[in-house]
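Participant: Quick one: this structure, given as structure tokens, is what I'll be asking you about.
The values are calculated or read from the model by the stated rules, or taken from the named source; none is laboratory data. Since the structure is predicted, the reported quantities are computational estimates derived from the model, not experimental observations. No Cβ is skipped: glycine too gets one built from the backbone with ideal geometry, and neighbour counts run over all protein chains shown. Side chains included, ligands, DNA and RNA excluded: accessible areas come from the protein's heavy atoms. Shrake-Rupley method; radii C 1.70, N 1.55, O 1.52, S 1.80 Å.
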Amino acid sequence: MPTASKTAFVADTTLGLSPEEALEKGIHLVPVQVIHGGRSYRDLLEIGPEEVLALLEKGERLSTSQAAPEDLRATYERLLLDHDRVLSVHLSGKLSGTVATAQAVARAYGGRVQVLDSWSLNGGLWLVLEEARRLLQQGVAWERLEAAVAAYRKRVLGYVLPKTLTYLHRSGRIGGLQRFVGGLLRILPVLLVREGQVEAGPRVRGFMEGMHKIAELFRKDFPEGALVHLAHAGNPEGARALGELLRAEGVEILSVLNAGAAVSVHAGPGTIAFFAGPRR
């Protein structure tokens with residue numbers, strides 16, 4: 001039965017930490033891909049978050065794609081030289097093909113690599129990974145790990161507030177007329193990450209109202225409090241203001257993360273978010 005110390009932990013770059021920051025937490029990153037101008041760039045290695053935001057703000061078209069099989073394979077083989085097992089935790093399989101690709105690559109290692117769908121991304125992915133690490137430290141069997149994580153994973157929620165409708169329209173999430181009317185009225189959608197999917201939540205009038213709305217939703221979903229990671233796409237002031245609202249509710253903010261290419265491309269620069277999971 002592996003212990004956490006004998007297990008290497010892998011996540012994709014939607015986690016929101018730099019490779020160096022992730023390694024300090026005992027997490028090895030594999031890059032998702034950012035597509036621009038017909039070329040694929042490895043997130044955080046060949047294109048950074050500031051460059052992604054700058055291109056978007058210039059009106060460039062970007063998209064994201066799953067982690068490449070060769071990057072997953074190289075990471076697993078390197079880590080298995082020094083570890084008994086690898087736990088590879090990734091953004092929701094309903095949002096990306098990374099989980100399916102990692103599962104296909106993992107089959108070559110005879111059970112030494114286990115792939116876990118976080119049903120989330122960014123701070124939600126981190127919460128699920130840390131729950132899995134905690135369970136291994138408590139002695140949960142490797143073969144039962146996913147089943148043991150399932151109840152916690154279902155409770156992890158994400159709350160996302162874009163600053164503008166522009167990028168949701170550009171990525172095909174809303175139509176042109178809806179964007180036009182919403183822009184006139186300063187209407188913004190709250191987006192909810194729940195059980196692996198992004199759902200449209202309440203509509204709000206303006207960014208400040210949106211911050212109060214997601215704090216209100218959090219109070220309803222977690223009346224006894226929660227573990228929380230904040231995230232933002234080039235909007236530290238917005239993240240700070242949101243953090244103050246949550247701290248006023250007695251919430252301890254575990255970290256402030258980069259929202260990452262996936263959130264930035266689809267929701268746009270200026271987006272703020274937070275991910276919450278039950279306390280342990």
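Participant: How big is the gap, in Å, between the Cα center of region 142-164 and the Cα center of region 55-91?
Facilitator: One Cα centre to the other: 19 Å.
Participant: Please sort 247-260, 53-66 by packing, taking for each peptide the average over its residues of neighbouring beta carbons within 10 angstrom, highest first.
Facilitator: Per-residue mean Cβ counts within 10 Å order the peptides as 247-260, 53-66.
Participant: In the chain, which whole DSSP H runs stretch at least 15 Å along their own axis (Cα) and average -0.5 or higher on the Kyte-Doolittle scale?
Facilitator: Numbers: long enough: 69-80 (16 Å, -0.82); 123-137 (21 Å, 0.25); 145-155 (16 Å, -0.23); 207-221 (21 Å, -0.46); 236-247 (16 Å, -0.28).
Helix filter hits for the chain: 123-137, 145-155, 207-221, 236-247.
Participant: I've got another one for you. Counting only protein heavy atoms and using a 1.4 Å probe, what share of the accessible area of the chain belongs to carbon plus sulfur, as a whole percent?
Facilitator: After summing per-atom areas, the C and S share lands at 49 percent.
Participant: Pull up the DSSP beta bridges for the chain and report the antiparallel fraction as a percent, rounded to 5.
Facilitator: Details: 30 of 50 bridges.
For the chain, the DSSP antiparallel bridge percentage is about 60.
Participant: Which one of LEU230, GLY201, PRO31 is farthest out on the positive end of the charge dipole of the chain, using unit charges on Cβ (Lys, Arg +1; Asp, Glu -1) and the Cα centre as origin?
Facilitator: GLY201
Participant: Averaged per residue, what accessible surface does region 157-278 expose to a 1.4 Å probe, in Å²?
Facilitator: On a per-residue basis, region 157-278 sits at 44 Å².
Participant: Also, I was wondering about something else. Once you have all Cα-Cα distances for region 102-143, histogram them in 10 Å bins from zero and send the whole-percent values.
Facilitator: 27, 44, 29
Participant: Pulled fully out, how much extra length does the chain show between SER65 and ASP82, if you take 0.36 nm times their separation in residues and subtract their Cα-Cα distance? List each step's numbers first, then the result.
Facilitator: On the way: separation 17, 0.36 × 17 = 6.12 nm, distance 2.96 nm.
Additional length available on full extension: 3.2 nm.
Participant: Counting only C-alpha contacts under 8 Å and six or more residues apart, can you give the relative contact order of region 183-280 as a whole percent?
Facilitator: Rounded, it is 27 percent for region 183-280.
Participant: Arrange the peptides 122-128, 6-12, 32-38 so that the one whose residues have, on average, the most other Cβ atoms within 10 Å appears first.
Facilitator: 122-128, 6-12, 32-38
Participant: In percent, how large is the relative contact order of the chain, given Cα pairs closer than 8 Å and 6 or more residues apart?
Facilitator: 21 percent
Participant: Taking the alpha carbon gyration tensor of region 7-154, what are the square roots of 5 times its eigenvalues, largest first, to the nearest whole Å? Walk me through the numbers before you get to the answer.
Facilitator: On the way: eigenvalues 148, 50, 38 Å².
The three semi-axes for region 7-154 are 27, 16, 14 Å.
Participant: Then there is this: Enter the per residue convex hull volume of the chain, computed from alpha-carbon coordinates, in Å³ rounded to the nearest integer.
Facilitator: Details: hull volume 33.1 nm³, N = 280.
Dividing the Cα hull volume of the chain by its residue count gives 118 Å³.
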